[in-house]
1. Could you give the length gained by full extension between MET51 and LYS30, i.e. 0.36 nm per residue of separation minus their alpha carbon distance, to one decimal place?
2. Report the local net charge at GLN70: Lys and Arg +1, Asp and Glu -1, summed over other residues whose C-beta lies under 14 Å from its C-beta.
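Derivation of every value follows stated rules applied to the coordinates shown; laboratory data play no part. These numbers come from a predicted model, not from an experiment. All Cβ positions, glycine included, derive from the backbone under ideal geometry; neighbour counts span all protein chains shown.
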Amino acid sequence: MSLQSDVTQFFAQQQTRRAFLGRTAHGVGKVALAWVGVNGREERQIVESVMDQYPDTWRTEWLRLKGLPQWAEYFQTLEEAIVVDEIEEVAICARA
């Protein structure tokens with residue numbers, strides 16, 4: 001491959017990437033991007049740090065860290081409801 005074809009291919013990839021990310025950013029939303037938008041070593045290290053600090057609630061803390069406090073609260077209520085359902089199922093099974 002020649003240098004010119006390498007450069008042309010690189011710019012084509014960059015344009016495709018920008019177009020995809022632009023559509024993704026407009027079509028998916030901030031909450032989805034908080035999860036799928038983690039990219040690179042530094043962000044992965046931040047996620048791992050949040051997981052270490054908050055092993056039970058790291059997903060909620062991640063949403064807060066990404067600037068989505070309302071979604072974090074909503075997710076927390078969902079997690080709490082799941083825990084309550086699991087406790088009730090265990091109690092029902094224990095009585096049976």
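1. Working: separation 21, 0.36 × 21 = 7.56 nm, distance 2.03 nm.
Gain on extension, MET51 to LYS30, equals 5.5 nm.
2. Working: positive: LYS30, ARG64, LYS66; negative: GLU73.
Local charge sum for GLN70: +2.
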